[in-house]
Amino acid sequence: MSAGRQFPPIVLIGMMGAGKSTIGRALAELLRLSFVDLDRELERRCGVSIPCIFDAEGEDGFRKRETELLKEYLGKPNTIIATGGGVVVRLENRELLKQSQALSVHLTILPEQCYERTRMSDRPLLQCENPLETIRFLIKTRTPYYQEVAALTYSTDGKTVQEGAIELAEQIQKRLTER
Ligand code: S3P
């Protein structure tokens, strides 16, 4: 936790594989803030994996749980919040993000890099015939939503986790002083 100033919640949004969790964790260490990954927290609370939640309750059931958790964490200052890539799809979540004190940061990634980083994973939305096409579609349809809520946009393409965390820490601190 930071000794001096209070940070509002800092919410990392962006596609799967964009580095929300990895850069988020490094960023939290750098800024001495708490860190939560909403998907991991949901898995911990439900006792099952995200793919299991999708299987049992469908995407809609998962999204409802995601919204509840988002609401809870938006009330926590001094916290870096890594969200799931689809958090911006629900209007309710976008409104929550815009109306809160949180600073939302959009981490961008090119479709090919997203594909490389996620192709060995079990992400439910990418268990399809052509995941790269799906990724392209998701990036295209979600980018306006990410942009609608983001106060900052940062490209993680070709960046190491440490580089990303250092550059983002600078940009976030600068952005917060402008508020
Ligand atoms: C999703 C992204 C995943 C997870 C779920 C749905 C999405 O999180 O929330 O599989 O809709 O893009 P990551 O962005 O952490 O992979």
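Within region 74-91, identify whether any single residue is basic (Lys, Arg) and either in a loop (DSSP other than H, G, I, E, B) or away from the ligand (no atom under 14 Å from the Cβ) (or both), and answer yes or no. Checking region 74-91: at least one residue is basic (Lys, Arg) and either in a loop (DSSP other than H, G, I, E, B) or away from the ligand (no atom under 14 Å from the Cβ) (or both).
What about residue 59, is it among the acidic types (Asp, Glu), within 13 Å of the ligand (Cβ to nearest atom), crowded, with 17+ Cβ neighbours inside 10 Å and more than 24 Å from residue 172 (Cα to Cα)? Against the criterion (among the acidic types (Asp, Glu), within 13 Å of the ligand (Cβ to nearest atom), crowded, with 17+ Cβ neighbours inside 10 Å and more than 24 Å from residue 172 (Cα to Cα)), residue 59 does not qualify.
Taken over region 117-140, the criterion of being more than 23 Å from residue 81 (Cβ to Cβ), out of contact with any Pro (no Cβ under 6 Å at 6 or more places or on another chain) and part of a helix (DSSP H, G or I) is satisfied by 131, 132, 133, 134, 137, 140. The residue that is most open to solvent (accessible area, probe 1.4 Å), counting only those in region 129-139 that are β-branched (Val, Ile, Thr) and touching a residue at least 60 places away in the same chain (Cβ under 8 Å), is 139. Selection of region 92-127 for residues being open to solvent by 30 Å² or more (accessible area, probe 1.4 Å), within 15 Å of the ligand (Cβ to nearest atom) and among the hydrophobic types (A, V, I, L, M, F, W, C) yields 120, 125. Going by what's in this entry, would residue 24 be described as touching a Cys at 6+ places or on another chain (Cβ under 6 Å), in contact (Cβ under 8 Å) with a residue 40 or more places away in the chain and closer than 27 Å to residue 165 by Cβ? Criteria not met by residue 24. Of the residues making up region 67-83, those that are farther than 18 Å from residue 172 by Cβ and crowded, with 22+ Cβ neighbours inside 10 Å number 1. The residues in region 29-40 that are more than 10 Å from the ligand (Cβ to nearest atom) and over 23 Å from residue 99 (Cα atoms) can be counted, and the count is 4. Of the residues screened, residue 126 is not one that is within 23 Å of residue 59 (Cβ to Cβ) and free of Cβ contacts under 8 Å to residues at least 40 places away in the same chain.
The values are calculated or read from the model by the stated rules, or taken from the named source; none is laboratory data. Everything numeric in this text was worked out from a predicted model, so none of it was measured. Counting neighbours? That spans all protein chains shown, and the Cβs are built from the backbone with ideal geometry, glycine included. Surface areas here come from the heavy atoms of the whole protein model, side chains and all, with no ligands, DNA or RNA. Shrake-Rupley method; radii C 1.70, N 1.55, O 1.52, S 1.80 Å.
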